[in-house]
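To start, the structure itself, in C-alpha cells.
Derivation of every value follows stated rules applied to the coordinates shown; laboratory data play no part. Everything numeric here is computed off the predicted structure, so don't read it as measured data. Counting neighbours? That spans all protein chains shown, and the Cβs are built from the backbone with ideal geometry, glycine included.
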Amino acid sequence: MSKRMLNKTIMYISLFALNIFTLSAPVFAQEASLTEKPKAINSIYFGSCAKQSKPMPIFDAIVKDDPEVFVFLGDNIYGDTEDMSVLKEKYETLGRHSGFKKLKATAELIAIWDDHDFGENDAGKDYPQKEASRKLMLDFWGEDKNSLRYTNAGIYTSYTYGTGDNIVRVIMPDLRWNRDTLHDVGKLNYLTSRRGKNMGPYKPSPDKNASMLGEEQWKWLEAELLKPAKIRIIASSLQLIPEFTGWESWANFPLDRSRLLSFITKQKVDGVLMISGDTHWGEVSKQVEHVGYPLWEITSSGLSEKWKDVSPNKHRVGEFTNNVNYGFMNFDWSKSDPEIAFGLKDVKGDVFTEHTIKLSSITHQ
C-alpha cells in the first residue's frame, strides 16, 4: 500500500470513529462528503490502447510514479466482437493482469471507451451490441449501479477534484454511442495519395450536421465546461487538434470540432487542456488559432500498441514517439500563478517530452 493510500485509510477510520462518538450526522453522510475530494489534486496520469493479452511492463513504471488518478482513454481492451462472452473474457483478462491490479490498488481509475472496447474497429452508433457492451464496460470499471452512464445516450461523464481555487474537472465525452457514419476517400485514392504520406482513408463528413456526440450530449458538454474550475481537462478518446491525419479524429466531423473551439472562445472558458489516445503513437500538439489562448493536447498511445507510420501533424510540438508510452500531468498549486507540467514517459518511466506552463497562459486575457 502506498503512503498516500495508507493516509487515506487512516482518515476514513478517524472520521468513522468521530461520527460514532459525537452522534453527529450519519456515517453515510460523512462518506458522501469525502467523494468531493476537498484536497488539491497534484497528479493525473493517462494512457490508452492496452491489448489485454500482452505483458505491459509499462504498468510497473506508472505504479512507481504513484499517480492519484489514472485515466484510461479508450481501447482499454481489444474486444472487436459482437459476442459478449468474448468481450467479457477480455475484460477479465485485463482484470487479472498483475500490473493492472497493482495500479488499481494504488490509484483511482476512471475510463471512457473507444472503438475496440466499444466492440468493433471504427464502430459508431450502428454497432448492434452497444447496450450489452456498455453494461460490461461499466460493470468492469466499478460504476455505481445507479449511475446515469447506464441509461444516458452514451457513457459520457465527468469527475471533479479539489475545491475553491484548485478545482480540476475531468470531462469525458463519448465519441462512439452517437457517432454518425464515417466517410472515406475511396480505395484507389487511398492507395495512390494517402498511404505513402502515412495518412488514413477517412475524410471530413460532407454532411454539415454530422456529429460524434449528438445534441443531448452536446448540451451536457457545454454545461460541464461552464461549471466552476481552474483546470478543465477534456479526456477525448480521439485527437482534436491534429487535422487531416486521415484516421479517426474530430477533424472528420467539422461541426463538432468548430463547435467546441467556438464555445471555448465565445464563452471565455479558461483552463482547457486536451488529453487523447487511439493513435498508437504519442505526441504533444498546440493550437494557437480559434481559441483565446494556446490550446494544448497530449496524446498518449499506447500502453501496449505501436504504429510505425506516424501521420503528419502541423500542430505537433517537438518529436513524436511510436514506442509504448503514458501521459502525465502534475499541478503545482504552491505558486501564486499555479504551474502545470505535462508530457509523456516511456516504458521505464523516463520522460520522453515535458512542457511546463503557467495557469495564466491558458486563461482568456
_With Cα atoms, 0 to 90° folded angle of helix 130-140 axis to the chain main axis_ = 40
_Note, ³J(HN,Hα) from phi for segment 189-199, Karplus 6.51, -1.76, 1.60, rounded to Hz, x at Gly and Pro_ = 4, 5, 5, 8, 10, 10, 4, x, 9, 6, 10
_Need the full-extension length gain, R195 to V351, defined as separation in residues times 0.36 nm minus the C-alpha distance. One decimal, nm._
53.1 nm
*Ordered by residue, what ³J(HN,Hα) values in Hz, to whole numbers, does segment 269-286 give under the Karplus form 6.51 cos²θ - 1.76 cosθ + 1.60, where θ = phi - 60° and Gly and Pro are x?*
7, 8, x, 7, 10, 10, 10, 8, x, 5, 6, 6, 8, x, 6, 10, 10, 9
*Determine the sum of side-chain charges near P254: Lys and Arg each +1, Asp and Glu each -1, restricted to other residues whose C-beta is under 13 angstrom from that of P254.*
0
*For segment 98-151 and segment 244-315, what is the separation of their C-alpha centers, rounded to whole Å?*
22
*How would you order 172-178, 95-101 from highest to lowest mean count of nearby Cβ atoms within 10 Å?*
172-178, 95-101
*Just tell me which aspartates and glutamates come within less than 14 Å, Cα to Cα, of K335; anything on the same chain fewer than 8 places away is out.*
D165
_24 Å Cα-Cα threshold exceeded, pairs from K51/K88; K125/K208; K102/K286; K64/K145; K39/K227; K130/K306_ = K102/K286; K64/K145; K130/K306
*Can you list the HN-Hα couplings for segment 299-312, worked out from phi with the Karplus curve (6.51, -1.76, 1.60; θ = phi - 60°), rounded to whole Hz and with x for Gly and Pro?*
9, 10, 6, x, 6, 9, 9, 10, 9, 6, 9, 6, 6, x
*Answer rounded, prolate or oblate for segment 42-362, using the Cα gyration tensor with square roots of eigenvalues a ≥ b ≥ c: rounded when a/c is under 1.5, else prolate when a/b is larger than b/c, else oblate.*
rounded
*What shape does segment 94-224 have by the C-alpha gyration tensor, where a ≥ b ≥ c are the square roots of the eigenvalues, rounded means a/c under 1.5, and otherwise prolate means a/b greater than b/c and oblate the rest?*
prolate
*R96 to E131: FRET efficiency via 1/(1 + (r/R0)^6), r the Cβ-Cβ distance, R0 25 Å, to the nearest 0.05?*
0.45
_Quick check on the chain: of the DSSP beta bridges with both residues there, what percent are antiparallel, nearest 5%?_
60
*Among residues other than T353 whose Cβ falls under 14 Å from its Cβ, what is the net charge (Lys/Arg +1, Asp/Glu -1)?*
-3
*What are the residues whose amide H is under 5 Å from the amide H of D184, where those residues sit 5 or more places off or on another chain and H is modelled from the backbone?*
K203
*Any idea what the relative contact order of the chain is, in percent, if you count C-alpha pairs under 8 Å spaced at least 6 apart?*
16
*Listed peptides 126-132, 111-117 by packing density, highest first (mean Cβ within 10 Å)*: 111-117, 126-132
*Given charges at beta-carbon only (K, R positive; D, E negative), |dipole| of segment 42-362 in Debye*: 340
*Once both axes come from the Cα atoms, what is the angle between helix 84-96 and the longest principal axis of the chain, in degrees from 0 to 90, rounded to 10?*
50
*Calculate how steeply helix 215-226 sits against the longest principal axis of the alpha-carbon atoms of the chain, using the helix alpha-carbon long axis, and give the answer as 0 to 90 degrees to the nearest 10.*
50
*Which FRET efficiency value, to the nearest 0.05, do you get for D207 and S334 by plugging their Cβ-Cβ distance into 1/(1 + (r/R0)^6) with R0 = 41 Å?*
0.25
*Size of electric dipole in segment 173-250: Cβ of Lys, Arg +1 and of Asp, Glu -1, about Cα centre, debye, nearest 20*: 340
*Among 266-278, 199-211, what's the highest-first ranking by average C-beta atoms within 10 angstrom per residue?*
266-278, 199-211
*Quick one: order L148, L188, L182, L213 by neighbouring beta-carbon count within 10 Å, fewest to most.*
L188, L148, L182, L213
_Segment L148-L226, length gained on full extension (0.36 nm per residue, minus Cα span)_ = 26.1 nm
*asked:* Under the rule a/c < 1.5 gives rounded, and otherwise a/b versus b/c splits prolate from oblate, where does segment 235-365 land using the Cα gyration tensor?
replied: oblate
